[in-house]
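A.B. asks: Pasting in a structure now, in C-alpha cells, and then I'll have a few things to ask.
Throughout, read-outs are computed from the coordinates displayed, never taken from laboratory work. A quick note: this is a predicted structure, and the numbers were derived from the prediction, not measured. With ideal geometry, Cβ positions are generated from the backbone for all residues, glycine too; neighbour counts draw on all protein chains shown.
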C-alpha cells in the first residue's frame, strides 16, 4: 500500500516496546517503528523533508507501520517476515545486529552460528532462515543492490574470466556482491575468483 513517506521527522522516542519516529506528511503524523540503526541515522528535522521507506503489516489484532532509511533494508525486512517463526521483532533484532549486506552474505554463506548473535535467534531458527531464504536471495537482485561492488583490478579480472567461461554479467555481479564482504584482501584476484566460483557453483 505504501512505498515511502516524504515529510518531516517531528519526534523520536525509545519505549519498552521499541524505537519509534513520527513522520509528518500532508498534515498527518505517522508513527513508525524503526530499528536501532535507522533510529540513530534518521535525524529530527522540522524544516527539511526526508524520505522514509515503509512497510505496513497487518495482524488479526493490530496494524503496524515500520520505517527504514533505505529501500534495501525494507526489502530484506519483508523477506525475513516470510520465514515461519520470524516476526517483526525478530526481523528488527537481526537488522539491529547486521546491516542488510552482511545479513544477506551470512544467509547465502550458510553461517548460522554468526546469525545467532542477534537477540533471540537460536541455532534452529538461524538454520531455518538459511534454509528458506538462501536460494531465494541468490536468485534476486537484492545482494547486488544492497552490497555495493567496489571497482578494483581484482573485480575486473574476475568478471573477465567468468564472462569468458560463459557466465552472464548479472549472475557474476550478484555473486560478487554476495562474497566480497567476507573477503579480507579484496585486491587478491585469485581469492576473489575462487570465492565467486564457489558461490556460483552452490
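A.B. asks: Looking at the stretch 1-38, which of its residues are surrounded by fewer than 12 Cβ atoms within 10 Å (Cβ to Cβ) and part of a strand (DSSP E or B)?
C.D. replies: Passing the criteria: 6, 13, 14, 15, 28.
A.B. asks: Of the numbered conditions (1) at negative phi; (2) more than 16 Å from the chain's Cα centre (by Cα); (3) exposed (fewer than 13 other Cβ atoms within 10 Å of the Cβ), residue 41 satisfies every one except a single condition; which is it?
C.D. replies: That leaves (2) as the condition not met.
A.B. asks: Which of the residues spanning the stretch 122-164 are over 17 Å from the mean Cα position of the chain (by Cα) and surrounded by 14 or more Cβ atoms within 10 Å (Cβ to Cβ)?
C.D. replies: Passing the criteria: 125, 127, 128, 152, 154, 155, 157, 158, 159, 161, 162.
A.B. asks: Just one of the numbered conditions (1) free of Cβ contacts under 8 Å to residues at least 60 places away in the same chain; (2) surrounded by 17 or more Cβ atoms within 10 Å (Cβ to Cβ); (3) farther than 30 Å from residue 8 by Cβ is not true of residue 105; which one?
C.D. replies: Answer for residue 105: the failing condition is (1).
A.B. asks: Of the numbered conditions (1) surrounded by fewer than 17 Cβ atoms within 10 Å (Cβ to Cβ); (2) more than 16 Å from the chain's Cα centre (by Cα), residue 50 fails exactly one; give the number of that condition.
C.D. replies: The one condition residue 50 does not meet is (1).
A.B. asks: Out of the residues in the stretch 21-38 meeting the condition of being within 19 Å of the chain's Cα centre (by Cα) and free of Cβ contacts under 8 Å to residues at least 60 places away in the same chain, tell me which one is nearest to residue 100 (Cα to Cα).
C.D. replies: Top of the filtered list is 38.
A.B. asks: Filter the stretch 58-86 down to residues that are part of a loop (DSSP other than H, G, I, E, B) and touching a residue at least 40 places away in the same chain (Cβ under 8 Å) and give me whichever is surrounded by the fewest Cβ atoms within 10 Å (Cβ to Cβ).
C.D. replies: 84
This table checks each residue for (1) in a helix (DSSP H, G or I); (2) within 22 Å of residue 110 (Cβ to Cβ).
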site	(1), (2)
151	no, no
157	yes, no
167	no, yes
173	yes, yes
177	yes, yes
186	no, yes
195	yes, yes
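A.B. asks: Further question: Quick check on residue 89: is it surrounded by fewer than 22 Cβ atoms within 10 Å (Cβ to Cβ), outside any loop (DSSP other than H, G, I, E, B) and touching a residue at least 12 places away in the same chain (Cβ under 8 Å)?
C.D. replies: Taking the combined requirement at face value, the residue satisfies it.
A.B. asks: Could you tell me which residue of the stretch 39-49 is farthest from residue 100 (Cα to Cα), considering only residues that are part of a strand (DSSP E or B) and touching a strand residue (DSSP E or B) at 6+ places or on another chain (Cβ under 6 Å)?
C.D. replies: Checking each candidate, the answer is 46.
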